[in-house]
Amino acid sequence: MQLYIYDHCPFCARVRMLAGYKKIPLELVYVPYSEEKMLIDLVGKKAVPVLVKDDGTASAESLDILLWLDRNLSRYGAPIIGTEEDAEVDSWLNDALLPLQKIGYPRWSKLGLKEYVGEKDLKEWEGRKAPAIESFAKALDETDRTAKEVTSLLERAGSLLAERGSLAADSPLTMSEIKLFAFIRGFTSEPSILWPEGVRQWFDKRLEQSGMNRLV
Ligand SMILES: N[C@@H](CCC(=O)N[C@@H](CS)C(=O)NCC(=O)O)C(=O)O
């Protein structure tokens, strides 16, 4: 099976985390950022992640893909992911989105990630992403302020994880953790952000268990 991704993409990271944790082998296909046709041919839109199954069918939407992987491949273990709502985690994601964009958008394209192959990809990236944060230059200027906001978000994530028992050494992976982890990974692109120790330890453990890379 192939998973079409951008390395920076938090929604792709959700799928990669679950697959890595359950040791489900996926061939990662890094799509050049300015490439549209490949994705439109597969799922009718320029968006990743896209899973292409062994029968050639393609599906989009990170949560649908990860639930399908979790439930339909019994040789990689019993399903582990529940679908119960977690409004507090969804509200955290909502609050974290703009800081994630402000930290990530002006940085991810400078890290040599595989989706930024040439000038065309970089131009397309800035053209599509800058409007959400006014400009890359302004977001970079505001780094100190945004980094402090991110530290508060990480503290809040730490409380959510603790309340759910997810900081215990041997706790099983949950959907709420997958959602938090995938966003938090995007913040690894700015080294000046201060991380609460418990969140750092949890993140490093899940990173290792899922065989994923940090961004920096
Ligand atoms: N709801 C979708 C969201 C996917 C999504 O927004 N992917 C972003 C990358 S993080 C994308 O492909 N955006 C198109 C673009 O940047 O051109 C999911 O959960 O899979």
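For a test of the definition: using alpha carbon positions, the gyration tensor, and the 1.5 limit on a/c, classify the chain as rounded, prolate or oblate.
Details: a/c = 1.90, a/b = 1.04, b/c = 1.84.
Since a/c reaches 1.5 but b/c is at least a/b, the shape of the chain is classed as oblate.
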Inter-label distance for residue 135 and residue 114, nm, one decimal - labels placed 7 Å from Cα along Cα-to-Cβ: 3.4 nm
At least 24 Å along the helix axis (C-alpha) and Kyte average at least -0.5, DSSP helices within the chain: 87-108, 143-163
Cβ-based charge dipole, the chain, positive-most Cα from 187, 69, 108: 108
Residues of the chain: accessible area per residue with a 1.4 Å probe, Å²: 47 Å²
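Only four residue types carry charge here, +1 at the Cβ of Lys and Arg and -1 at the Cβ of Asp and Glu. Report the dipole size of the chain about the Cα centre in Debye, rounded to the nearest 20. Walk me through the numbers on the way to the answer.
Working: 29 positive and 34 negative charges, 86 e Å.
About 420 debye.
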Global form of region 2-76, assessed from the alpha-carbon gyration tensor, a/c cut-off 1.5: prolate
Structure-based [θ]222 nm, the chain - -39500 (n - 2.57) summed over DSSP H runs of at least 4, per residue, nearest 500: -17000 deg cm²/dmol
Region 107-157 versus region 20-88: alpha-carbon centroid distance in Å: 25 Å
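Once you have a ≥ b ≥ c as the square roots of the Cα gyration tensor eigenvalues for region 50-114, tell me rounded if a/c is under 1.5, and otherwise prolate or oblate according to whether a/b is larger than b/c. The partial results should precede the final answer.
On the way: a/c = 2.83, a/b = 1.40, b/c = 2.02.
Verdict is oblate for region 50-114.
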Label point distance in nm, residue 209-residue 45, each placed 7 Å from Cα along Cα→Cβ: 3.1 nm
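The values are calculated or read from the model by the stated rules, or taken from the named source; none is laboratory data. Everything quoted here is computed from the prediction, not taken from an experiment. A quick note on method: Cβ atoms are made from the backbone with ideal geometry, for glycine too, and the neighbour counts reach across all protein chains shown. Surface accessibility is based on the protein's heavy atoms, side chains included, excluding ligands, DNA and RNA. Shrake-Rupley method; radii C 1.70, N 1.55, O 1.52, S 1.80 Å.
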